[in-house]
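The values are calculated or read from the model by the stated rules, or taken from the named source; none is laboratory data. Everything quoted here is computed from the prediction, not taken from an experiment. So basically every Cβ, Gly included, is an ideal-geometry build from the backbone, and we count neighbours across all protein chains shown.
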Amino acid sequence: MNPDALRGHMDALLLSVLEREPLHGYAIIEALQERSGGALSVPTGTVYPALRKLERTGLLASEWATVGGRRRRTYRLTDSGRRRLQGERSAWREFAGVIGGVLQPEIKPEVKPSG
């Protein structure tokens with residue numbers, strides 16, 4: 001998959017992976033690969049800065065834990081992170097519908113009137 005395609009979606013992907021349970025960084029990378037059927041191979045140099053940013057903005061919290069005999073920083077969603085994830089999912093559905101309507105004009109997107 002083209003890495004540029006992920007631009008602007010990394011936060012939502014990370015929040016989604018952490019929705020079920022707290023995970024450490026490498027487990028997050030593995031979960032992204034597994035959920036994508038191997039299509040997403042995100043480097044640590046992309047994931048860790050994004051996790052730190054999400055933590056600074058209050059969407060994630062972290063604590064040190066011992067996992068497999070090693071100390072690792074484990075990340076979990078905050079309540080704000082859960083709310084943001086809901087918003088990201090809604091925005092994604094709208095985006096995918098609009099783009100789908102352009103790429104597949106025989107499928108009309110459901111557009112809700114604004115206001």
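Annotation note: of Gly81, Gly69, Gly101, the sole residue that is modelled with pLDDT under 95 and surrounded by 13 or more Cβ atoms within 10 Å (Cβ to Cβ) is Gly101. Taking the conditions (1) without any contact (Cβ under 8 Å) to a residue 40 or more places away in the chain; (2) among the charged types (D, E, K, R); (3) crowded, with 17+ Cβ neighbours inside 10 Å in turn, Arg52 satisfies each one other than (3). Taken together, Leu14, Leu18 contain a single residue that is in contact with a strand residue (DSSP E or B) (Cβ under 6 Å, 6 or more places away or on another chain), modelled with pLDDT of 95 or more and not aromatic (Phe, Trp, Tyr), which is Leu18.
The set of residues in the range 1-49 being aliphatic (A, V, I, L, M), under 16 Å from Ser80 (Cα atoms) and in a helix (DSSP H, G or I) consists of Ala12, Leu13, Leu14, Leu15, Val17.
Filtered by the rule that a residue be closer than 21 Å to Leu15 by Cβ, of a type outside the set (Val, Ile, Thr) and in a strand (DSSP E or B), the range 65-79 gives Ala65, Arg72, Arg73, Tyr75, Arg76, Leu77.
Being at pLDDT 90 or above and in a loop (DSSP other than H, G, I, E, B): is that true of Gly87 here? Taking the combined requirement at face value, the residue does not satisfy it. Contact map, the range 13-34: residues that are more than 13 Å from Leu60 (Cβ to Cβ) paired with residues that are in a loop (DSSP other than H, G, I, E, B) and of a type outside the set (Val, Ile, Thr), Cβ distance under 7 Å, separation 6+ or inter-chain. Pairs shown: Leu32/Leu40; Gln33/Leu40; Gln33/Ser41.
Among the residues of the range 82-104, just one is more than 18 Å from Leu54 (Cα to Cα) and of a type in the set (Lys, Arg), namely Arg93.
The single condition among (1) surrounded by fewer than 13 Cβ atoms within 10 Å (Cβ to Cβ); (2) more than 21 Å from Arg7 (Cα to Cα) that Ser41 does not satisfy is (2).
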